[in-house]
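See below for the structure under consideration.
Each value in this text was obtained by applying a stated rule to the coordinates, not by laboratory testing. Given the structure is predicted, the values throughout are model-derived calculations rather than measurements. Note that we place each Cβ from the backbone using ideal geometry, even for glycine, and neighbour counts take in every protein chain shown.
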Amino acid sequence: RYGTVTGVQTCALPIYAVRKQWETLWICDPLDGTKEFIKRNGEFTVNIALVKGGVPVMGVIYVPVSRTLFWGHTEAFNGQIAAWRCEVDETGSLVGQTALPLNDDAERPYIVVASRSHLSPETEAFVAREREAHPGLELHSAGSSLKICLVAEGRADIYPRSEEHTSELQSQFRI
């Protein structure tokens, strides 16, 4: 069954009992960071993941405002993780492909990155515990999957995430 919701074509999915048997599937979050999008702060992303046998094997995160593309996968590298970042120019071409992490700046402080819109008491407690081990710790806030991109780039050290908030992790699995 197909329908239209505000001009977007939709279809009815098979029931979960059928879908959970799928060997290969794509997961897409076309607007991760809805609150950030509404706030017009530019911190929203498009997330796509390829899952095989219940395991994410490739992920793509696109940041439309900065025209930055992050991607990573394991299949071509015998299970080893590989990730990159590049820019997308006006023609849609990928330019400046760079392997991640970008660098290992030992001079910078220990950085925890957390949600701009969903800072939970669990995250605050985690940060307090980390401050004991890392007295110069800095807490940076970001929206959507930009947080995991900062960790992948090596610009942040950790992104704490409670188990109850795992939906965005499918597309961010390795990046």
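Between Cys11 and Gln80, the distance separating the two model label sites (each 7 Å from Cα on the Cα→Cβ line) works out to 3.8 nm. Largest first, the three principal axis extents of the alpha carbons in the stretch 117-167 are 30, 25, 16 Å in whole numbers. Its relative contact order, with pairs defined as Cα atoms under 8 Å and 6+ residues apart, puts the stretch 89-164 at 43 percent. For Leu31, the residues 5 or more places off, or on other chains, whose built amide H falls under 5 Å of its own are Asn47.
Using a Förster distance of 35 Å, how high is the FRET efficiency between Ile38 and Ala106, based on the Cβ-Cβ distance and rounded to 0.05?
0.35
Most tightly packed first, judged by the mean number of other beta-carbon atoms within 10 Å of their residues, the peptides 53-61, 146-154 read 146-154, 53-61. Within straight-line reach of Lys20, meaning a Cα separation under 25 Å, sit the following lysines at least 8 residues removed in sequence or on another chain: Lys52. Remark on Val57: its backbone amide H falls under 5 Å from those of Leu50, Val51, Lys52, a criterion applied only to residues 5 or more positions apart or on other chains, H modelled at 1.01 Å from N.
Listed by chain and number, the lysines whose alpha-carbon sits under 23 Å from that of Lys147, ignoring those within fewer than 8 places in the same chain, are Lys35, Lys39.
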